[in-house]
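Please read the structure below before turning to the comments.
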Amino acid sequence: MYLRKVIRNCIGVLIWLILLSGCIPSNNASVPDKSSPNTPEDQVQITNRVISDGTKIDDLDLSGIPVNEAPIKIENWAKDKLEETRVLLYNDTEIPVTLSDIGIDVDTQKIIEETQLNPGMTLPSALRVDPLIASQELQEKLKKFNKPAKDASYKIEKDKVVIQPGENGRTVDVEKLLSQFQRIPLSEMPPRIDIPMVEVPATITTESLKELAFDSVIGEFSTNFLIKEKNRSANLTVAAKALDGKVLFPGETLSFNETVGPREPGTGYKEAYIIVNGEFIQGTGGGVCQVSSTLYNAVLLSNLEIVERMPHAVVVSYVPPGQDATVNYPNIDFKFKNNTGSLVYLRTEVETGILNVKIWGKKTDKTVRIERQVERQIAYKTERRLNPKLPKGRVIREQAGSKGIVVNTWQIIRDGNGSEIKKFLGRDWYAPTNRILRVGT
């Protein structure tokens, strides 16, 4: 029994091995040999060693040409065409060039790639452009056709803006010209090629200046002065003249001190009364504050933006309290900003005893008025100063006294619909000026 069982197991193993051997190929079975010239992969390699029959580039037949020899054949075919003289034309003016001179060559690599992707077909040639060389060469050869743009300009004549219109320029569109070269097959490249131009707009256009131009007086204010005070009148005239004709662009700020400059004898200013510590004394440049105060009121009525303003220490006679603007070079300044979208133009005029300031700008539907409220008044004192040079008992009034005042000021802005905006300008405190008497001893 045991022997019979062993024999049965051996026969089973033998049958299993026979079946298994039928599923595993032997070393002599037919397996594709990559070294065999008849494999599909090798057939592709053989096909790619020469360019397929019927393959052309423009009018150049590459049938049967080995791939490694094709670049030389293509370059030899293209050489004469690249060196052939062609004419770039604009307005009947001709500029002779060759494609090779301006950095254009045949793109052999791309052409060969196309022959492999499209065997047996007629394909257009491809050109390669060196953008740096091409751009430099074309800009140099064609620079005569460029025309720079001319900005619009303006001048002011008789208080009106006179605009000199701007002109657009032109320049060669080198990028478009090179793109044209690359789109045309080499054998079809025309002998005459129109030069594409592109318009160059002016930086400052006529339309933009029309938007800037002023058209009316938007604020005006006048003050009076005594013509018998010749030095003060002269100082006032010099300062007003420095402001006359000043133009501010939108967003620009005017500084009174920078515009008028230092008040010194060397700049044309004379000795006249100025206010120091609440007292009127002789000093260089007296009268200039009347110009800054007159300008301040014209600016308020023009609804321009006040940047910097300081009231006098004491009340002055030429403008109401709360509507003055003192200046003292270089420490105390008056500044305002053109907060409009147009030019602002200053005109000052000094007539007999009258200083007038006009501000021109773009007319709007807004009007401005000033309102004041006196909060309280401050009495002045009388100061007696002994003077041994005067006879005993004699009294001379050296300075008239004036009350001090605290005043609140508003700017009322009214639009075309009747709506009003009340803007608080400030609470100004003016000290009294004492009455000063000289008493003889």
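The values are calculated or read from the model by the stated rules, or taken from the named source; none is laboratory data. This structure is a prediction, so every number in the text was calculated from the model and none was measured. Neighbour counts run over all protein chains shown; Cβ positions are idealised from the backbone, glycine included.
Here are some notes:
- Residue check, ASP101 surrounded by 14 or more Cβ atoms within 10 Å (Cβ to Cβ), in a strand (DSSP E or B) and either in the same structural domain as VAL172 (by TED's automatic domain parsing) or in contact (Cβ under 8 Å) with a residue 12 or more places away in the chain (or both): no
- The lone exception for ARG232 - which of (1) outside the structural domain of ILE102 (by TED's automatic domain parsing); (2) basic (Lys, Arg); (3) free of Cβ contacts under 8 Å to residues at least 40 places away in the same chain it fails: (3)
- Residue match in segment 47-54 (condition: at pLDDT below 50 and either over 30 Å from GLU140 (Cβ atoms) or in contact with a Ser or Thr (Cβ under 8 Å, 6 or more places away or on another chain) (or both)): yes
- Listed by position, the strands (runs of 3 or more DSSP E) enclosed by segment 294-412 that each have at least 1 residues that are assigned by TED's automatic domain parsing to the domain that holds VAL276, of a type in the set (S, T, N, Q) and crowded, with 16+ Cβ neighbours inside 10 Å are 344-351, 354-361, 382-387, 395-399.
- ASP42 meets each of the listed conditions (1) at pLDDT 95 or above; (2) closer than 30 Å to GLU113 by Cβ apart from (1).
- Listed conditions (1) outside any strand (DSSP E or B); (2) without any contact (Cβ under 8 Å) to a residue 60 or more places away in the chain; (3) of a type in the set (Val, Ile, Thr) are all met by VAL439, apart from (1).
- Against the criterion of being in contact (Cβ under 8 Å) with a residue 40 or more places away in the chain, closer than 26 Å to ILE359 by Cβ and out of contact with any strand residue (DSSP E or B) (no Cβ under 8 Å at 6 or more places or on another chain), ILE227 qualifies.
- Restricting segment 258-293 to residues that are small (Gly, Ala, Ser) and farther than 19 Å from LEU226 by Cβ, the residue that is surrounded by the fewest Cβ atoms within 10 Å (Cβ to Cβ) is GLY266.
- In segment 229-262, the residues that are within 27 Å of LYS362 (Cα to Cα) and hydroxyl-bearing (Ser, Thr, Tyr): THR253, SER255, THR259
- Across segment 177-189, not a single residue is classified as polar (S, T, N, Q) and closer than 30 Å to ARG309 by Cβ.
- Any chance THR352 is polar (S, T, N, Q), touching a helix residue (DSSP H, G or I) at 6+ places or on another chain (Cβ under 7 Å) and either farther than 30 Å from THR206 by Cα or without any contact (Cβ under 8 Å) to a residue 24 or more places away in the chain (or both): no
- In segment 413-434, residue modelled with the highest pLDDT [restricted to those that are farther than 30 Å from ASN303 by Cβ and outside any strand (DSSP E or B)]: PRO432
- Matching strands (runs of 3 or more DSSP E) fully within segment 140-256 where at least 1 residues are exposed (fewer than 14 other Cβ atoms within 10 Å of the Cβ): 153-157, 160-164, 192-194, 197-200, 216-224
- Output for segment 257-293, where each listed residue is among the charged types (D, E, K, R) and part of a loop (DSSP other than H, G, I, E, B): ARG263, GLU264, LYS270
- Any chance SER233 is hydroxyl-bearing (Ser, Thr, Tyr), at pLDDT 95 or above and over 30 Å from ILE413 (Cβ atoms): yes
- Of all residues making up segment 71-97, the number that are touching a strand residue (DSSP E or B) at 6+ places or on another chain (Cβ under 9 Å) and part of a helix (DSSP H, G or I): 8
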